[in-house]
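K.L.:
Structure below; questions to follow.
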Amino acid sequence: MRSLIIAQAIKQHWPAAEISFILSKDAPYATSCPFPYFLLNNSPTKEVTAVNQLVTQIRPDVTVFDCSGRASQVRHAKTCGSKVVFISQHKKKRKRGFSFSRLPYLDAHWITQFKFVDGDFTWLEKLKLALCKAKQPQFIGPVFSQPAANLPAEFANLTGKDFVLWAAGGGGHTYKGVPATEVFYQAAKLLKQPQLQHIVVTGANYQGTLAETGQIQLVKSIPNAELMTLVQHAKLIVSGGGDIMGQAIALQKNIVAIPVAKDQPTRIAKCLEQGLIYTSALAQAEIANQAKLALAQPLQQKLNIIPGLTYVLDYFKAIFEPSQS
């Protein structure tokens, strides 16, 4: 999704840009990609030879490895004359970007996490940067599409009304055998306030069945631009501790964040320390209570965050319009 957001933004700003994706044939989004794509039998990271052959054939000006790619693929792209961009979203992936087998070959390393969450560069990372004379990675934060001024047509009924956006993630997370999406849905049913409406994003991976009510509207998944528009207009966001939390923070929204995956508690704790969110355990009554508190006492964020996509487009502008950079 992040790569798709970046690709769509590039195409909007530079319509003549030729963009293609290398994807696994088993990826759920494989055949719905709106850009030209090449399908491989496995993850592109595992298909070293096939990816290298495609890079040799295409000779791209820029090759983007979004939390993926072997070091040999990175080196091959550089050998083919391509600018090489590596994207990391947490420390484990960031570590790969600082490996001696990748670092000297990267033209850019974008960390899509807030610095206060991921932590500043360590002394070892700084040493590696100095030894390789490499460019310092950028903390660009979450990447998301620009919200629109008006709600998407399918949610036009909410115009001028207060609504809460509920999004537990992709829909595949469970707790004690219960999908997190269902816990969020039940919490929304508990949050009964006059005139307050709810949108529950169930996630593409949710396999259960939920029923809409007079106050609850369901949506399985929507394009990021529409999702960000909902985030922008919502009175409250109740989310997991993944991408939507970070995107909502960047948009300075009122948020209750709940850990629904094992990598999220630490991230949520860091955001809580900054006074950016409310939080709750994954329990419907507690979530509803925290949502009531957040609605009554919205947090006033003090962070002034430049959207991650701004950094990305500045980078491509320097490549596509060097005389104007």
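The values are calculated or read from the model by the stated rules, or taken from the named source; none is laboratory data. As the structure is a prediction and not an experimental result, all values here were calculated from the model. Cβ coordinates were reconstructed from backbone atoms using ideal geometry, including for glycine residues, and neighbour counts include every protein chain displayed. For accessibility, only protein heavy atoms count, side chains too; no ligands or nucleic acids. Shrake-Rupley method; radii C 1.70, N 1.55, O 1.52, S 1.80 Å.
K.L.:
Could you tell me how many degrees, from 0 to 90 and to the nearest 10, lie between the Cα long axis of helix 180-190 and the main elongation axis, the longest principal axis, of the Cα atoms of the chain?
P.N.:
The two axes meet at around 30 degrees.
K.L.:
Quick one: P(r) of the chain from all Cα-Cα pairs, 10 Å bins, percents rounded to integers, in order of increasing distance.
P.N.:
For the chain, the pair-distance distribution reads 5, 24, 32, 24, 12, 3, 0.
K.L.:
Given all pairs of different Cα atoms, what value in angstroms does the Kirkwood hydrodynamic radius of segment 151-205 take?
P.N.:
For segment 151-205, inverting the mean 1/r across all distinct Cα pairs yields 12.2 Å.
K.L.:
Round to the nearest 0.05 the FRET efficiency obtained for ASN41 and LYS176 when R0 = 41 Å and r is the Cβ-Cβ distance.
P.N.:
Plugging the Cβ-Cβ distance into 1/(1 + (r/R0)^6) gives 0.70.
K.L.:
Average the reciprocal distances over every distinct pair of alpha-carbons in segment 36-82, invert the result, and give the Kirkwood radius in Å.
P.N.:
Values: mean 1/r = 0.0933 Å⁻¹.
Across segment 36-82, the inverse of the average 1/r is 10.7 Å.
K.L.:
Using only the Cα atoms of segment 264-325, what do you get for the radius of gyration and for Dmax, in Å?
P.N.:
Computed over the Cα atoms of segment 264-325, radius of gyration and Dmax are 18.7, 58 Å.
K.L.:
A follow-up question, please. Taking the alpha-carbon distance from LYS83 and a cut-off under 13 Å, which aspartates and glutamates remain once sequence neighbours fewer than 8 residues away in the same chain are dropped?
P.N.:
Straight-distance partners of LYS83: ASP61, ASP107.
K.L.:
Roughly what would the spin-label model give for TRP123 and PHE100, points 7 Å off Cα along C-beta, in nm?
P.N.:
My value for the distance between the label points is 1.9 nm.
K.L.:
Can you give the log10 of the normalised intensity I(q)/I(0) at q = 0.13, 0.22 Å⁻¹, computed with Debye over equal Cα scatterers of segment 117-255?
P.N.:
Each listed q corresponds, in turn, to -0.62, -1.39.
K.L.:
Now, a different point. For a label point 7 angstrom out from the Cα of ILE305 toward its Cβ, which stretches of segment 117-144 have the backbone nitrogen within less than 11 Å?
P.N.:
117, 140-144
K.L.:
Segment 195-298: which GluC sites (Glu not before Pro) are DSSP loop and have at most 14 other beta-carbon atoms within 10 angstrom?
P.N.:
Passing both the DSSP loop test and the Cβ count: GLU212.
K.L.:
Separate question: If you find the alpha carbon centre of segment 222-258 and of segment 1-76, how far apart are they in angstrom?
P.N.:
27 Å
K.L.:
Considering only protein heavy atoms, what per residue accessible area in square angstrom results for the chain with a 1.4 angstrom probe?
P.N.:
Per residue, the chain has an accessible area of 50 Å².
K.L.:
For THR49 and LYS262, calculate 0.36 nm times their separation in residues minus their Cα-Cα distance, and state this gained length in nm to one decimal.
P.N.:
Taking THR49 through LYS262 to full extension adds about 73.3 nm, to one decimal.
K.L.:
In Å, the Kirkwood hydrodynamic radius of segment 47-129 over pairs of distinct alpha carbons? Spell out each step's value before the answer.
P.N.:
Numbers: mean 1/r = 0.0760 Å⁻¹.
Value: 13.2 Å, from the Cα pair sum.
K.L.:
Also, quick follow-up: Working with all protein chains in place, sort ARG59, ARG94, ARG75 by solvent-accessible area computed with a 1.4 Å probe, largest first.
P.N.:
ARG59, ARG75, ARG94
K.L.:
While we're looking at this one, here's another question. Given a 1.4 angstrom probe, I'd like the percentage of the accessible area of segment 274-323 that is carbon and sulfur, rounded to a whole number.
P.N.:
52 percent
K.L.:
Normalized C-alpha radius of gyration of segment 198-261, against 2.2 N^0.38 Å?
P.N.:
1.11
K.L.:
Mind jotting down a quarter of the surface of the convex hull over the alpha carbons of segment 185-325, in square nanometres, one decimal? Intermediate results must be reported in sequence, preceding the final value.
P.N.:
Details: hull surface 41.9 nm².
Taking the Cα atoms of segment 185-325, their convex hull projects to 10.5 nm² on average.
K.L.:
Give me P(r) over segment 6-91, computed from all C-alpha to C-alpha distances, binned every 5 Å, as integer percentages.
P.N.:
Calculated over all Cα pairs of segment 6-91, the distribution is 3, 14, 23, 27, 21, 11, 2, 0 percent.
K.L.:
Something else now. If each of GLN195 and ALA225 carries a label point 7 Å out from its Cα toward its Cβ, how far apart are those two points in nm?
P.N.:
For the pair GLN195/ALA225, the computed spacing is 3.2 nm.
K.L.:
Relative to the present Cα-Cα distance, how much length would full extension add between CYS33 and LYS133 at 0.36 nm per residue of separation?
P.N.:
32.3 nm
K.L.:
Can you compute 3J(HN,Hα) from phi for each residue in segment 62-70, using the Karplus curve 6.51 cos²θ - 1.76 cosθ + 1.60 with θ = phi - 60°, rounded to whole Hz and x for Gly and Pro?
P.N.:
Values per residue, Gly and Pro as x: 9, 10, 10, 9, 8, 6, 8, x, 7 Hz.
K.L.:
With all protein chains present, how much of the accessible area of segment 47-103 (probe radius 1.4 Å) comes from carbon and sulfur, to the nearest whole percent?
P.N.:
48 percent
K.L.:
Mind giving me the nanometre distance, one decimal, between the label points for SER72 and GLU18, set 7 Å out from Cα along Cα→Cβ?
P.N.:
In this crude spin-label approximation the distance works out to 2.7 nm.
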